[in-house]
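Since the structure comes first, as structure tokens, the remarks are kept for the end.
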Amino acid sequence: MAELDRVREALRASMTAWATLEVRGDQARVIPAPDPDQLAAHLSSADPAWTLTWACDSAQPPVVRARLTLAGVTREGLATGHTLGDAKLAALADAARVYGVPAGDTAWVEFDPDEGANTTDLDAEAPLPAAPRPATLPPEPPRDPQMEKARRHIEDLLEQLKVAGRGGDAARVLMRGYGETLDESRAIYKELQALLKG
């Protein structure tokens with residue numbers, strides 16, 4: 001458990017970048033995300049055997065999957081973004097969330113086509129915590145073996161969909177996650193099965 005706490009601390013410390021999720025005119029919706037360079041430095045000290053792989057499920061709209069292995073545990077994040085680079089950052093933030101590190105709230109900021117999203121005010125207003133506050137962290141919920149099994153089934157089906165060239169369609173189904181309950185996970189699995197058969 002102490003090893004996982006060190007991993008969470010390393011993930012939190014690297015949350016210094018911003019991913020642009022969408023742009024509407026001169027406004028952009030952004031979310032905090034791990035900075036890949038800082039992430040590498042922090043994770044190497046927490047777990048020298050960590051790995052990170054990326055998969056592009058769709059180029060337009062940009063949908064990226066990040067698979068992060070830390071302390072012997074592999075978790076995936078899936079996200080879309082304004083550009084492929086933004087989708088990578090957002091997917092990394094989603095993977096960090098699965099490890100128990102909340103990414104924070106999205107915010108609307110000014111957007112310039114040449115300069116990108118202006119997050120300077122966000123950085124000054126609400127800097128992300130560099131270290132965890134153990135008193136405020138909720139205890140890790142007990143893992144439901146059935147939910148873990150459902151997630152593995154969905155991931156297996158995702159691999160089949162990617163091989164069949166339907167990864168982008170599957171990513172759109174999974175934008176809302178794998179489901180919070182067993183019934184939701186089953187419904188998502190059935191939707192993905194229909195994609196594979198269709």
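Here are the numbers for this structure:
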read-out	value
Cα pair distances of the chain binned at 5 Å [whole percent]	1, 7, 15, 18, 18, 17, 13, 7, 3, 0, 0
Long-range tail of P(r) for the stretch 152-198 (Cα pairs > 18 Å, %)	16
Average projected area [Cα convex hull, the stretch 1-98], square nanometres	5.9
The chain, relative contact order in percent, only Cα pairs under 8 angstrom and at least six apart counted	20
Residue-normalised accessible area of the stretch 1-99, expressed per residue, 1.4 Å probe, Å²	42
Modelled FRET efficiency - R0 30 Å, Thr69 with Asp114, Cβ distances, 0.05 increments	0.20
Listed residues Gly100, Ala28, Asn118: farthest to the positive end of the dipole of the stretch 3-127 (Cβ charges)	Gly100
Isotropic mean projected area of the C-alpha convex hull, the stretch 12-54 (nm²)	3.7
Check: the chain dipole with +1 on Lys, Arg Cβ and -1 on Asp, Glu Cβ, in debye	940
Within the chain, percent of DSSP bridges classed antiparallel, to nearest 5	100
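The values are calculated or read from the model by the stated rules, or taken from the named source; none is laboratory data. For clarity, every value in this text was computed on a predicted model and none was experimentally measured. Neighbour counts are summed over all protein chains in view; Cβ atoms, including those assigned to glycine, are modelled from backbone coordinates with ideal geometry. These area figures cover heavy atoms from the full protein model, side chains too; ligands, DNA and RNA do not enter into them. Shrake-Rupley method; radii C 1.70, N 1.55, O 1.52, S 1.80 Å.
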